[in-house]
2 protein chains.
Amino acid sequence: MTGMLTIAGLGPGDEALVTPEVSAALAEATDIFGYGPYVARVPAREGLVLHASDNRQELQRATEALRLAAAGRRVVVVSSGDPGVFAMASAVFEALEAAPQWQDIPIRVLPGVTAMLAAAARAGAPLGHDFCAINLSDNLKPWPVIEKRLRLAAEADFAIALYNPRSASRPEGFERALEILKDAGCVNRIIIFAHAVTTPEERIDTLALRDARPEMADMRTLVIVGNSSTRRIGRWIYAPRRAS
Amino acid sequence: MTGMLTIAGLGPGDEALVTPEVSAALAEATDIFGYGPYVARVPAREGLVLHASDNRQELQRATEALRLAAAGRRVVVVSSGDPGVFAMASAVFEALEAAPQWQDIPIRVLPGVTAMLAAAARAGAPLGHDFCAINLSDNLKPWPVIEKRLRLAAEADFAIALYNPRSASRPEGFERALEILKDAGCVNRIIIFAHAVTTPEERIDTLALRDARPEMADMRTLVIVGNSSTRRIGRWIYAPRRAS
């Protein structure tokens, strides 16, 4: 049997957002690797080995997945959302770079609906104009880098998607991010808190950034800050196609 | 019959990337609106009316779709990729804002796999760290706004996804964008040209930005410029999780 490694995105939570391509890969897998709650979304069946691990162990997980693929297994590494956005794909390529003996393993990356797209869809169309995505949780990234990016994103008038606003590794980051955005002239912008989007616990709150409080975000929240032209129409928030 | 309006993303091209949620919406629709090539992706069936239009007619298309939904039809407006990223969702909300009499129509936005995620997956993981997305085609956006955003994105060291690099409405934009990025210190960055991603005509080219030429992009190309740390390992391009 020829082994291979597939890095697959499960989408934000709702099974109706898992692409058929990813479902097919899961159905053919011998081994699933990933953070526990994501592995738990894969239906168990005979012959399928589930390797759940803690969310701090990305590089070890990637290395073990490559090792099994090299041994001939059909391995799928799962992420929620899209595997290429603040998720497992980068970790797998880092592990691959450190292990030249595995560089001929067939690898494929299967995209998915990343959280900001699902959150934006529920809110309306806040990412309908130029935007950026910043990960507040990454403990490999110095805080001054985050602060610089937030200030430049505000100056560029991007809509801003904030991933992992209140992670376990950096719970204070979101409070600082809100202060930086206020200081950068974003007090009147619309902010969207999308909690557990597309799951039964989904909750979408929209308000002015000046009224946002850090505790409005938790570990399952995706935050979108609108650009300076972002508008509300009834329950919907959208970025006009015309730049201000 | 109660009408409703669904704004759905068909993904980048491969039918295996259409979410089950979107497939279900298409199966229940009475009317499909969209740009001709996207409407052509919806399987014809008895009782389904296909309303194909030119890609410059977004606002008229949105208004007509709302009109039919108000009249009780189950209308689906289709975009390729994700409908909220440089696509039809913003146009529908603009049309809705101009027509208060329709503001009680049930509306839902169904996300999809946007082109940059599919392009990134084919190339590796170039969006694995903070990134931005800029639309070069939008003729509603003054060029100085685009130039400012490109310069700030380079300064922020975002990976940069460029949508519609060589659109019919602004064919010269990509040449200017390349010059600006070179001038902003990005000559050594990796650039990815993803042509017709996930279709039979797919072609992925990766090179140093200094060697990029405007004609490498066409109307079906999505361009990704890596950040300053983006690396190549074998045939794969990825953004390390660690910021430089």
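Rule-based calculations on the coordinates, nothing more; no lab input. Not measured: the values here are computed from a predicted model. Heads up, the Cβs are rebuilt from the backbone with ideal geometry, glycines too, and the neighbour counts pull from every protein chain shown.
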Q: For the protein assembly as shown, just give the cysteines left without a disulfide-compatible partner, judged by no other Cys Cβ under 4.7 Å.
A: A:Cys186, B:Cys186
(Q) Just to confirm my numbers, what's the Cα centroid distance between the range B:75-102 and the range A:117-152 in Å? (A) 23 Å
Q: Compute the label-point distances linking A:Ala184 to its equivalents in the other copies; points lie 7 Å from Cα along Cα→Cβ; give nm, one decimal, shortest first.
A: 1.4
Q. Dipole of the range A:1-89, Cα-centred, from +1 at each Lys and Arg C-beta and -1 at each Asp and Glu C-beta, to the nearest 20 debye?
A. 260 debye
Q) Rule-of-thumb check for the range A:113-159: C-alpha Rg over 2.2 N^0.38 Å? A) 1.29
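Which is the longest part of chain B that has none of the GluC sites (Glu not before Pro) sitting in a DSSP loop with at most 14 other Cβ atoms within 10 Å?
On the way: sites that count: B:Glu46, B:Glu172, B:Glu201.
Result for the longest clean stretch: B:47-171.
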Q. Any idea how far apart B:Arg242 and A:Asp54 come out in nm if each label point goes 7 Å out from Cα toward Cβ?
A. 2.0 nm
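Can you bin the range A:1-130 into rounded, prolate or oblate? Criterion: square roots of the alpha carbon gyration tensor eigenvalues sorted a ≥ b ≥ c, rounded for a/c under 1.5, prolate for a/b above b/c, oblate for the rest. Working shown, then result.
Numbers: a/c = 2.07, a/b = 1.55, b/c = 1.33.
The shape class here is prolate.
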Q | Rounded D (µm²/s) - the protein assembly as shown, Kirkwood Rh over Cα pairs, Stokes-Einstein at 20 °C, 1.002 mPa s | A | 96 µm²/s
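Could you pull out the trypsin sites (Lys or Arg not before Pro) across the range B:33-141 that fall in loop regions by DSSP (anything but H, G, I, E, B) with no more than 14 other Cβ atoms inside 10 Å?
Values: sites: B:Arg41, B:Arg45, B:Arg56, B:Arg61, B:Arg67, B:Arg73, B:Arg74, B:Arg108, B:Arg122; in loops: B:Arg41, B:Arg45, B:Arg56, B:Arg73.
Sites meeting the loop and neighbour criteria: B:Arg45, B:Arg56.
Note down the Stokes-Einstein diffusion coefficient of the range A:186-244 in µm²/s, whole number, using a Kirkwood radius over alpha carbon pairs, 25 °C, and 0.890 mPa s.
Details: Rh = 12.2 Å.
Using the Kirkwood radius from Cα pairs, D works out to 202 µm²/s.
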Q: Select from A:Ile146, A:Pro111, A:Asn227 the residue farthest towards the positive end of the dipole of the range A:104-244; place +1 on Cβ of Lys and Arg, -1 on Cβ of Asp and Glu, and compute about the Cα centre.
A: A:Asn227
Q | Residue-count net charge about B:Asp31 - beta-carbon cut-off 14 Å; Lys, Arg +1, Asp, Glu -1 | A | +2
**Q.** In sequence order, calculated HN-Hα J values of the range B:155-164 (Karplus, 6.51, -1.76, 1.60; Hz; x Gly/Pro)
**A.** 5, 6, 6, 6, 5, 10, 8, 10, 8, 6
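Based on a Kirkwood Rh over C-alpha pairs, give the Stokes-Einstein translational diffusion coefficient of the range B:98-194 at 4 °C and viscosity 1.567 mPa s in µm²/s. Present the calculation step by step, with values, prior to reporting the outcome.
On the way: Rh = 15.3 Å.
This corresponds to a translational diffusion coefficient of 85 µm²/s.
Per residue of B:147-157, what is the mean number of Cβ atoms on other protein chains within 10 angstrom of that residue's Cβ?
Details: counts 0, 3, 9, 1, 2, 10, 7, 1, 5, 12, 4.
Average neighbour count from other chains, rounded to a whole number: 5.
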Q) Once amide H atoms are placed 1.01 Å from N in the peptide plane, what residues at a sequence separation of 5 or more from B:Ile237, or on another chain, have their amide H within under 5 Å of its amide H? A) B:Gly124, B:Ala125
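Over the range A:1-76, what number does the Rg to Rh ratio reach, with both radii from the alpha-carbon atoms and Rh per Kirkwood?
On the way: Rg = 11.9 Å, Rh = 12.6 Å.
Dividing the radius of gyration by the Kirkwood radius yields 0.94.
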**Q.** Equivalent ellipsoid dimensions for chain B as semi-axes, Å, which come from the Cα gyration tensor, largest first
**A.** 35, 19, 15
Q.
Taking B:Pro37 in one copy and the same position in all the others, each labelled 7 Å out along Cα→Cβ, what are the pairwise distances from the first, in nm, shortest first?
A. 3.9
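How large is the helix-only mean residue ellipticity at 222 nm for chain B, computed as the sum of -39500 (n - 2.57) over DSSP H runs with n ≥ 4, divided by its residue count, in deg cm²/dmol to the nearest 500? Don't skip to the end; give the middle numbers.
Details: 7 runs with 69 residues, N = 244.
That calculation yields -8500 deg cm²/dmol at 222 nm.
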Q: Between the label point of A:Val145 and that of the same position in each other copy, find the distances and list them shortest first in nm, with every label point placed 7 Å from Cα along the Cα-to-C-beta direction.
A: 3.0
